[in-house]
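K.L.:
Have a look at this one.
Values in this text are rule-based calculations from the coordinates and carry no lab data. Just so we're clear, the structure is a prediction, and the values are computed from it rather than from any experiment. Cβ coordinates were reconstructed from backbone atoms using ideal geometry, including for glycine residues, and neighbour counts include every protein chain displayed.
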Amino acid sequence: QVQLVESGGGLVQAGGSLRVSCAASGRTFSSYTMGWFRQAPGKERTFVAAIRWSAGSTYYADSVKGRFAISRDNAKNTVYLQMNSLKPEDTAVYYCAASTYVGIYSISQYDYWGQGTQVTVSS
């Protein structure tokens, strides 16, 4: 049974940094793509970043490119999202997801989801 558990969310001032983590368990993820999505109150869930677990290829939404970095630790089966230069508009619940499909940007491509972790950026 696949389980994704996010952690590391919290409250930070604008311009600050935060790192959220996603601990994955239940199977070998070497053939998976791991993604981060976020959902602000009253808005749709949107793509933030993704990483191909085996190749390490990374992908980002334009809104976070240059500020956020996704990475993975094979030994810990954990994916990270390092968020720098945070803005109030980055405030959202951040979700980790796992996909066996080729596509990476669409919610429908992901098979498994974590419960989410709240990130709040104050101005």
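K.L.:
Go through 3-9, 78-84 and give me the packing order, highest mean Cβ count within 10 Å leading.
P.N.:
Ranking, from highest mean packing down: 78-84, 3-9.
K.L.:
Put a dot 7 Å past each Cα toward the Cβ at Gln39 and Lys65; how far apart are the dots in nm?
P.N.:
2.7 nm
K.L.:
Of Gln82, Ser123, Tyr105, which is farthest towards the positive pole of segment 62-123's charge dipole, taken about the Cα centre with +1 and -1 on the beta-carbons of Lys, Arg and Asp, Glu respectively?
P.N.:
Working it through, the farthest residue towards the positive pole turns out to be Gln82.
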